[in-house]
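Take a look at the structure below.
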Amino acid sequence: MLKKTETTSVRKIRLSYSRNKKAFTGEADMEQRKEPYIQHEEPGLKKYCACGLSKNKPYCDGSHHGTGMHSYKVEIEEAKTVAICGCGQSKSKPFCDGSHRTL
Ligand code: FES
């Protein structure tokens, strides 16, 4: 069970999907941060979580399989620091656009 901290809140998301030929409908707790993930990235293909279910955020861990969602795939061309949205409100996902400041 996730716990609310100063920089996160927990919200319920409804899920309805099938996995291994079994239908699943229910709710899951999803961490909603109030700040971005600041990551130093080396060049290469990065897969960032889009569904909110990954246990390795901001990266995809495959938890989205069966939900109909897909990870954000980003090619990082040179080493740099990036801000990845943690609140889910950015209009330029997976990157932070400052929308978390309105939460
Ligand atoms: S964390 Fe900054 S817009 Fe979501």
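Computed from the coordinates by the stated procedures, all read-outs in this text should not be read as laboratory data. If you're wondering where the values come from, they're calculated on a predicted model, not measured in any experiment. As a convention, Cβ positions derive from the backbone with ideal geometry for all residues, glycine included, and neighbour counts pool all protein chains shown.
Computed values, structure above
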{"quantity": "Residues ILE76, ILE84, sorted so that the one with the fewest Cβ neighbours within 10 Å comes first", "calculated": "ILE76, ILE84"}
{"quantity": "Partner aspartates and glutamates for LYS34 [C-alpha distance under 14 Å; skip if fewer than 8 residues away on the same chain]", "calculated": "GLU6, ASP97"}
{"quantity": "Net charge dipole size for the range 37-103 [Lys, Arg +1 and Asp, Glu -1 on Cβ; Debye, nearest 20]", "calculated": "300 debye"}
{"quantity": "Built amide H within the under 5 Å cut-off of LYS46, gap 5+", "calculated": "VAL74, GLU75, ILE76"}
{"quantity": "Ratio Rg/Rh [Cα only; Rh per Kirkwood] for the range 25-103", "calculated": "0.97"}
{"quantity": "Extension gain from GLU35 to LYS55, taking 0.36 nm per residue of separation minus the Cα-Cα distance", "calculated": "5.5 nm"}
{"quantity": "Whole-Hz ³J(HN,Hα) from phi, Karplus 6.51 cos²θ - 1.76 cosθ + 1.60, for the range 50-66, glycine and proline x", "calculated": "10, 8, x, 9, 4, 8, 10, 4, x, 8, 6, 10, x, 4, 6, 3, x"}
{"quantity": "Lysine pairs with alpha-carbon atoms under 13 Å apart, the range 35-102, spacing 8 or more or separate chains", "calculated": "7"}
{"quantity": "Contour minus Cα-Cα distance for GLU42 and SER99 (0.36 nm per residue)", "calculated": "17.9 nm"}
{"quantity": "Residues TYR48, TYR37, sorted so that the one with the fewest Cβ neighbours within 10 Å comes first", "calculated": "TYR37, TYR48"}
